Amino acid sequence: MKILAIGAHPDDIEIFMFGLLSILKLRGDKIFLAVATDGCQGGNLSKKELIKVRKKETTVGLSTLGKPYFLNLPDGQLGDNLNHKLKSKNLVYKIEPDIIITHHKKDYHSDHKILSNIISEIVGHYIPVIYAETMMGINFIPNYYIDISDVFEIKKKAVMCHLSQKPDRFINLIKIMNSYRSAQCNAPIGNYAECYSFERSFPFSDITKFLPSPPKIRPFYIKNQIGFL
Ligand SMILES: [Zn+2]
């Protein structure tokens, strides 16, 4: 299958979607990656320098998955601009993916929200979209979990490539978010999961069969079961 992941900023795919993408890549899917904005707001360097540095960091961070497309839209200013929609649309219809992964419309950052809306508007009923968890899970109800324990170290390395962003804080973030979601599936400490949501809409009433298997079910009341509880 062809999978397209689109993040708003240069480190978003690594933080929010990297585990699932690594598993899809291992499964043999063709992974396409895109970063919508130029990331010029995220640091102390000059805007020009920062754009250059962050592109390099992203290219290295995503190297195990593929080579990213950069749409070069203005960081912090995604919005009601026909060009933003057009550039995203051209990319989507050039790739013609089977599934798109992007941010959720209730995420914390306006670029994340707007990108999410742009993508769902562009694809209409032609391509199913799954939405990554919001920052710290606020306003987010998942309906798909994926165990990423086996690829968590690679995810950490990918996040650490974003040196201009003081990435240690994001390592703490993904440890909290991904272990919390894993504990929701009653996996023991030391396991990690990402979670996503997809909206059921015609003709994509259920797309779970396109996706890798969810985490093992661990009923906590079974004797000798090793789980969080
Ligand atoms: Zn972002």
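Using a simple spin-label model with pseudo-atoms 7 Å out from Cα toward Cβ, Phe228 and Ile171 lie 2.3 nm apart.
Here the simple spin-label model places points 7 Å from the Cα toward Cβ, and for Lys67 and Ile138 these points are separated by 3.9 nm. Relative to the dominant Cα principal axis of the chain, helix 110-123 is inclined by about 90°. Ranked by the mean number of other Cβ atoms within 10 Å of their residues, highest first, the peptides 209-220, 38-49, 62-73 come out as 62-73, 38-49, 209-220. Highest average first, the peptides 113-123, 133-143 ordered by how many other beta carbon atoms sit within 10 Å of their residues are 113-123, 133-143.
Treating r as the C-beta distance of Asn44 and Asn83 and R0 as 30 Å, the FRET efficiency rounds to 0.60. Each of Ile176, Ile146 was scored by other Cβ atoms within 10 Å of its Cβ. Listed from fewest to most, they are Ile176, Ile146. Among the listed pairs Lys30/Lys67; Lys55/Lys175; Lys67/Lys175; Lys2/Lys67; Lys30/Lys94, those whose Cα-Cα separation exceeds 20 Å are Lys55/Lys175; Lys67/Lys175.
Name all residues of region 62-104 having a backbone nitrogen under 17 Å from the label point set 7 Å from the Cα of Ile207 along its Cα→Cβ direction, giving them as ranges. So the set is 89, 91-104. Take the Cα of His125, step 7 Å toward its Cβ, do the same at Leu163, and the gap between the two points is 5.1 nm. Straight-line reach from Lys216: taking Cα to Cα under 13 Å and skipping same-chain neighbours fewer than 8 places apart, the aspartates and glutamates in range are Asp147.
Only the coordinates and a few stated rules stand behind these numbers; no lab work does. Keep in mind that what you see is a predicted model, and the values were worked out from it rather than measured. Cβ atoms come from the backbone with ideal geometry, glycine included; neighbour counts cover every protein chain shown.
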